[in-house]
Protein chains: 2
Amino acid sequence: MDMLLPVPRLTVLGHVRSALKDRDTAPKSGAEGAPEAWIELDAAYAPALLGLEAGQRILVVTWLHQGDRTVLQCHPRGDKNRPLRGVFATRSPDRPNPLGLHEVEILEIAAPARLRVFPLEAIDGTPVVDVKSVDRPPAEEPPAR
Amino acid sequence: MDMLLPVPRLTVLGHVRSALKDRDTAPKSGAEGAPEAWIELDAAYAPALLGLEAGQRILVVTWLHQGDRTVLQCHPRGDKNRPLRGVFATRSPDRPNPLGLHEVEILEIAAPARLRVFPLEAIDGTPVVDVKSVDRPPAEEPPAR
């Protein structure tokens, strides 16, 4: 019965603006020398940023539009000396739904709905599909200011 | 120019099978008493699980199909005493693209492509759209066995 549900269609909220232009030369993760970048959201989403501040960490979800959606197995990090693994056991951008997940720090927030963040390995023009607070157990939540 | 790219369509890889049937009574996060659940993927994705084992932690990405995609601000945790925040500063399931992100432990892997995981707050029937390894910096990667 679930199969009768409509196919979920993502709304593109905005795009990454980055000095990184090419997947082949981009770092494989934020921790590997990725630069800062701008997340430029459509102005319509400005209200959804209320409460975010420079210095906070957020999760940015991207649609890795150059990912190969037919790939089910790969050599981790493209290293042919490493045994094949299922893409669900990796962070490869080649996967049935090429969603990218990036934990970054907000460096600056600018009008109308732009976030300067660090570090981000996604290339220029990558669609952004979600922004979330970094999860933490309720007990660790800081008190409201 | 980016706007001319096609709208990304998610492929539903499978569904959550859980004792949780109702969003209103489900825990708001895995850490708040969520039960174990099965991730039942389509058999076609079995090759993508190669390398996953019981005991590992993974990220499960879901499509929170009951989320309200028109909501841009909310009271965190539904508590009207807390000030309104933008949904991008929260983990609310109500957001333009209702993607759920769940870090869980694999308890069991079963044929053809089923994972028993813990804890998972997503309700029964929730579409699953991605599974990823938990990110860690390269220096912390365990040696290959």
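The values are calculated or read from the model by the stated rules, or taken from the named source; none is laboratory data. Because the structure is predicted, anything quoted here is derived from the model rather than measured. Using ideal geometry, Cβ is built from the backbone for each residue, glycine included, and neighbour counts are taken over all protein chains shown. When the accessible area is computed, the model is the full protein with side chains, heavy atoms only, and any ligands, DNA or RNA have been set aside. Shrake-Rupley method; radii C 1.70, N 1.55, O 1.52, S 1.80 Å.
Worth pointing out:
- Residue pairs exceeding 30 angstrom between C-alpha atoms, taken from A:21/A:80; B:80/B:132; A:80/A:132; A:28/B:21: B:80/B:132; A:80/A:132; A:28/B:21.
- Student exercise, the protein assembly as shown dipole from Lys, Arg, Asp, Glu Cβ charges, in Debye to nearest 20: 140 debye
- Remark: accessible surface ordering of B:88, A:118 (largest first) is A:118, B:88, probe radius 1.4 Å.
- Dipole magnitude for the stretch B:60-122: computed about the Cα centre from +1 point charges on Lys and Arg Cβ and -1 point charges on Asp and Glu Cβ, it is near 260 debye.
- In nanometres and ascending order, the distances from the residue A:54 label point to those of the other copies are 5.1 (point 7 Å from Cα along Cα→Cβ).
- Separation of the stretch A:97-136 and the stretch B:1-74, taken as the distance between their Cα centroids, equals 20 angstrom.
- Unit charges at the beta carbon, dipole of chain B: most positive-side option, B:109, B:55, B:127: B:127
- Measuring nothing but how far apart in sequence close Cα pairs (under 8 Å, 6+ apart) lie, relative to its length, the stretch A:50-98 scores a relative contact order of 39 percent.
- Summed buried accessible surface, chains B and A, 1.4 Å probe, nearest 100 Å²: 5100 Å²
- Expressed as a whole percent, the proportion of Cα-Cα pairs in the stretch A:22-80 lying more than 15 Å apart is 70%.
- Using C-alpha pairs under 8 Å with a sequence gap of at least 6, the mean separation divided by the residue count of chain B gives a relative contact order of 37 percent.
- Evaluated at q = 0.16 Å⁻¹: base-10 log I(q)/I(0), Debye formula over Cα of the protein assembly as shown: -1.44
- Within the listed set A:130, A:24, A:42, the Gaussian network model of chain A (springs between alpha-carbon atoms below 10 Å) gives the highest mean-square fluctuation for A:24.
- A 1.4 Å probe run over chain B, with the rest of the protein chains in place, finds 50 Å² accessible per residue.
- Measuring with a 1.4 angstrom probe and ignoring ligands and nucleic acids, residue B:28 comes out at about 120 Å² accessible.
- Chain B, accessible surface, carbon-and-sulfur percent (1.4 angstrom probe): 53 percent
- For chain B, built as a Gaussian network whose Cα springs stay under 10 Å, the top-fluctuating residue of B:37, B:19, B:111: B:111
- Global form of the stretch A:1-130, assessed from the alpha-carbon gyration tensor, a/c cut-off 1.5: oblate
- Inter-copy spacing of residue A:24 label points, which lie 7 Å from Cα along Cα→Cβ, given in nm from shortest upward: 5.6
- Average other protein chain Cβ within 10 Å of Cβ, residues A:42-52: 6
- Sorted from closest to farthest, the other copies place their residue A:108 label points 5.4 nm away, with each point set 7 Å from Cα along Cα→Cβ.
- Across A:49, A:101, A:13, mean-square fluctuation computed from a Gaussian network of chain A (C-alpha pairs under 10 Å connected) peaks at A:49.
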